[in-house]
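Accompanying notes for the structure given below.
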Amino acid sequence: MAPRYYWKGYLKLSLVTCPVAMTPATSESEKVRFHTLNKDTGHRVVSQYIDSVTGKPVKEENEAKGYARGENDYITLTDDDLDAVALDTVKTIDIEKFVPAESIEWIYLEKPHYLMPDDAVGNEAFAVIRDAMKSDKVVGISKLVMGRRERAVVLEPRDEGIVLWSLRFGDEVRPEDAYFEDIDEKADPDLVPLVQQLIKQKAARWSPNMVSDPIQESLLKLIEEKKKLLKPKKTAKGKKEEAAPTSNVVNIMEALRKSVEADLKNRKAG
């Protein structure tokens, strides 16, 4: 199955340009999600926009953006109005500066995306920009419109590709001094070696299994138990309906959960 891309455009460095595609590096689609139901009927509850004055539903084609300039007083903006102020950064990642890779504090990194060349012709240009950043141990700084807002982004070479991080705005990051100023600057030197011993005992190589979600696993187990208790629905003719095929996501998650549990048992037994 071909990957689905979140964004397509161009990566530019001076006169070097290549077509690129981008997709989020993280996903929440595997999480257990719930629909809101009417408890009495079991039917799904559907949300819709309602006119605050008339109380009537608003059709999608009649929806518009509004900027409040006073109480119950709005300036209406259509999609055409918003498209008219589109910046070049809607379709182009123009690398403006390079900074040492270690100079960007982690707290400014917001969300990672995978950036890759979008055709064979641009592959070489992409690889040259990537390898040059690797050799000089720098990351690129640029801007990109994401969700109708221009965001600062950083481009970090990673393996054969580039990871593009959206950056938090400066006013979104709280200064740490206000929270850390009352903490002791130095710890008791006699206690530090004892804690270091504990650190050595608990030291391990990083693994994604260290950040598994036990609540997710418990929810999946609960859902499976609920399924077993449900009686098959009957059709109008009194015949039992064929059971719907189980979602692939649930099957895979259940298989992974069992694999992890089996691995833990094997480790304990060993």
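The values are calculated or read from the model by the stated rules, or taken from the named source; none is laboratory data. Because the structure is a prediction, the values reported are computed rather than measured. A quick note on method: Cβ atoms are made from the backbone with ideal geometry, for glycine too, and the neighbour counts reach across all protein chains shown. Remember, those area values only see protein heavy atoms, side chains included, never the ligands or the DNA or RNA. Shrake-Rupley method; radii C 1.70, N 1.55, O 1.52, S 1.80 Å.
Taken together, GLY147, GLY170 contain a single residue that is exposed (fewer than 10 other Cβ atoms within 10 Å of the Cβ) and more than 24 Å from GLU28 (Cβ to Cβ), which is GLY170.
When the residues of segment 105-114 are filtered to those that are within 14 Å of PHE169 (Cβ to Cβ) and surrounded by 14 or more Cβ atoms within 10 Å (Cβ to Cβ), the one that is farthest from the chain's Cα centre (by Cα) is TYR108. Please verify whether ASP40 is open to solvent by less than 100 Å² (accessible area, probe 1.4 Å), of a type in the set (Asp, Glu) and over 26 Å from VAL90 (Cα atoms), treating the condition exactly as stated. No, not satisfied. Just so you know, in segment 175-192 the residues that are in a loop (DSSP other than H, G, I, E, B) and not acidic (Asp, Glu) include one that is nearest to LEU77 (Cα to Cα), and it is PRO175. For segment 161-194, a tally of residues being closer than 29 Å to ASP131 by Cα and free of Cβ contacts under 8 Å to residues at least 24 places away in the same chain returns 1. Remark: pairs (first residue in segment 16-39, over 27 Å from VAL163 (Cα atoms); second residue charged (D, E, K, R) and not in a loop (DSSP other than H, G, I, E, B); Cβ separation under 9 Å; 6+ apart in sequence or on different chains) = HIS35/ARG44; THR36/ARG44; LEU37/ARG44; ASN38/ARG44.
Condition check: open to solvent by less than 60 Å² (accessible area, probe 1.4 Å) and part of a strand (DSSP E or B). Does GLY9 satisfy that? Judged against the criteria, GLY9 is a match. Only one of the listed residues (PRO193, PRO208, PRO232, PRO189) is modelled with pLDDT under 75 and not basic (Lys, Arg). That residue is PRO232. Considering only residues in segment 115-174 that are assigned to a strand (DSSP E or B) and of a type in the set (Ser, Thr, Tyr), the one that is farthest from the chain's Cα centre (by Cα) turns out to be SER142.
Out of all the residues in segment 141-169, which are in contact with a Phe, Trp or Tyr (Cβ under 9 Å, 6 or more places away or on another chain), of a type in the set (Gly, Ala, Ser) and closer than 15 Å to TYR114 by Cβ? Within segment 141-169, GLY161 is the sole residue that qualifies. Within segment 181-227, the set of residues being farther than 30 Å from LYS31 by Cα, open to solvent by 70 Å² or more (accessible area, probe 1.4 Å) and aliphatic (A, V, I, L, M) comprises ILE183, ALA187, LEU191, LEU194, VAL195, LEU198, ILE199.
With respect to the conditions (1) open to solvent by 70 Å² or more (accessible area, probe 1.4 Å); (2) in contact (Cβ under 8 Å) with a residue 24 or more places away in the chain; (3) more than 17 Å from PRO24 (Cα to Cα), ASP131 falls short on a single one, namely (1). Within segment 150-167, the residues that satisfy the criterion of being open to solvent by 20 Å² or more (accessible area, probe 1.4 Å) and under 16 Å from LYS91 (Cα atoms) are GLU150, ARG151, ALA152.
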